[in-house]
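Undergrad: Before I ask anything, let me first share the structure, which is written out below as structure tokens.
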Amino acid sequence: MSTTIEAPARFSINQETVKQLSLPELAEACGELGVAGVGLWREPVRRYGVDATARLVRDAGLTVTSLCRGGFLTAVDPAERSKALDDNRAAIDEAAGIGTDTLVLVSGGLPAGDRDLSGARERIADALAELAPYAAERGVRLAIEPLHPMFASDRCVVSTLGQALDLAERFPADRVGVVVDTYHIWWDDRAPEQIARAGESGRIAAFQVADWCTPLPAGVLLGRGQLGDGSIDFRTWRDLVTAAGYTGWTEVEIFNEALWARDGREALAETVERFRAHVL
């Protein structure tokens, strides 16, 4: 594919944004566009093989900026909690295996019949106390991602950056950080001060961008919009994380069926163009 588009430095494409591309196709498309960073997901990495993925990204000269996802740590039942901890240890091993130092955590929603949000958050803290030393031994930092409150019941009881930091700050900064994702926090007028708080202690483990477009689709999970199609002022958030001392990658993570229905290389090229137009 011939193109004059060139990705900017520190731009990373999350695999789910163009999940219609296989891992080899993604690596090839990144090479064509000068994309140097990729965020990967466990399911396709497992299908392709952890060792094979590590070789692929290494040979392509790609940096794996994150692995998604661990988490779902709110179960009450002891057997379910044990299973979740085992799965997170496996995720940590996979992150180390593909050469990334960041494992993104989606913390989990309320168990069936449970209405105790604070209790669920305490169970997350208990799990982090078990997982953080294991991750540190393998050179992986756990990154707590707050999700928009509409996901609090079924996906993530950590709804604000402040709540994420309240959990993370119980542990050393090099072991547990937070994810700043514009899609989930753009509405929160306290988020700017929480970004500054995160920066002061070196807690920003990842910066992700996607736009907020309404109306949301049924099920809402696939409502993340292409950059520039929605309501978010990305440069404001970019400036906030920069002022907080963040110098890492900016990862574009979009779940959108219309984007997935297109040619993956064209979708990636458009995403690079939109990033230049709306984020830089």
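Undergrad: Specify the angular offset, from 0 to 90 degrees and rounded to the nearest 10, of the alpha carbon long axis of helix 78-98 from the longest principal axis of the alpha carbons in the chain.
TA: Rounded to the nearest ten degrees, it is 30.
Undergrad: Short version: ³J(HN,Hα) in whole Hz for each residue of region 249-259, in order, from phi by Karplus 6.51 cos²θ - 1.76 cosθ + 1.60 (θ = phi - 60°), x for Gly and Pro, what are they?
TA: With the stated coefficients, region 249-259 comes to 7, 10, 9, 8, 10, 10, 10, 7, 5, 5, 5 Hz.
Undergrad: With the full set of protein chains in place, find how many percent of the accessible area of the chain is carbon and sulfur; take the probe as 1.4 Å. Write down the numbers at each step before the final one.
TA: On the way: 5590 of 11500 Å².
Ligands and nucleic acids excluded, carbon and sulfur reach 49 percent.
Undergrad: While we're looking at this one, here's another question. Name the longest site-free stretch of the chain, where the excluded sites are GluC sites (Glu not before Pro) in a DSSP loop with no more than 15 other beta-carbon atoms within 10 Å.
TA: Value returned for the longest uninterrupted segment is 7-168.
Undergrad: Choose one of Gln226, Pro149, Val57: the residue whose Cα lies farthest towards the positive end of the charge dipole of the chain (beta-carbon charges +1 Lys, Arg; -1 Asp, Glu; about the Cα centre).
TA: Positive-end residue among those listed: Val57.
Undergrad: What does the net charge come to around Ser118 if you take all other residues with beta carbon closer than 15 Å to its beta carbon, with K and R at +1 and D and E at -1?
TA: -1
Undergrad: Another question, if that's okay. With axes computed from alpha carbons, what is the tilt in degrees of helix 264-278 against the longest principal axis of the chain, rounded to the nearest 10 within 0 to 90?
TA: With both axes taken from Cα atoms, the answer is about 80 degrees.
Undergrad: With each pseudo-label sitting 7 Å past Cα toward Cβ, what's the Asp77-Ala277 distance in nm, one decimal?
TA: 4.9 nm
Undergrad: Placing unit charges on C-beta atoms (Lys and Arg positive, Asp and Glu negative, everything else neutral), compute the dipole magnitude of the chain about its Cα centre in debye, rounded to 20.
TA: On the way: 29 positive and 42 negative charges, 48 e Å.
Roughly 240 debye, rounded to the nearest 20.
Undergrad: Now, a different point. Using a 1.4 Å probe, what is the accessible area per residue for region 40-111, in Å²?
TA: On a per-residue basis, 42 Å².
Undergrad: Further question: Using Cα-Cα distances under 8 Å and only pairs 6 or more residues apart, what relative contact order does the chain have, in percent?
TA: Worked out over the chain, it gives 19 percent.
Undergrad: Report the local net charge at Glu251: Lys and Arg +1, Asp and Glu -1, summed over other residues whose C-beta lies under 11 Å from its C-beta.
TA: Working: positive: Arg10; negative: Glu16, Asp181, Glu253.
Neighbour charge sum, excluding Glu251 itself: -2.
Undergrad: Name the long-range amide H neighbours of Ala206: under 5 Å, sequence gap of 5 or more, or other chain; modelled H, no Pro or chain starts.
TA: It is Val178, Val180, by chain and number.
Undergrad: Quick one: compute the contact order of region 127-210, relative version, from alpha carbon pairs under 8 angstrom and 6+ residues apart, as a percent.
TA: Once normalised by length, the contact order is 30 percent.
Undergrad: Using the Karplus equation 6.51 cos²θ - 1.76 cosθ + 1.60 (θ = phi - 60°), what ³J(HN,Hα) coupling, rounded to whole Hz, does each residue of region 143-157 give in order, writing x for Gly and Pro?
TA: 10, 7, 9, x, 10, 3, x, 5, 9, 5, 6, 10, 10, 7, 6
Undergrad: Something else about it: With every protein chain kept in place and ligands, DNA and RNA left out, what is the accessible area per residue of region 114-237? Probe 1.4 Å, answer in Å².
TA: On the way: 4860 Å² over 124 residues.
Heavy-atom accessible area per residue stands at 39 Å².
Undergrad: Check Gly37: other-chain or 5+ apart residues with amide H under 5 Å from its amide H, H built from backbone geometry?
TA: The list, which skips near neighbours in sequence, is Ile13, Thr63.
The values are calculated or read from the model by the stated rules, or taken from the named source; none is laboratory data. This one's a predicted model, so the numbers in the text were calculated from it and none came from an experiment. Cβ sites come from the backbone with ideal geometry, for glycine too, and all protein chains shown count toward neighbours. Protein only, heavy atoms only, side chains kept; ligands, DNA and RNA dropped before computing areas. Shrake-Rupley method; radii C 1.70, N 1.55, O 1.52, S 1.80 Å.
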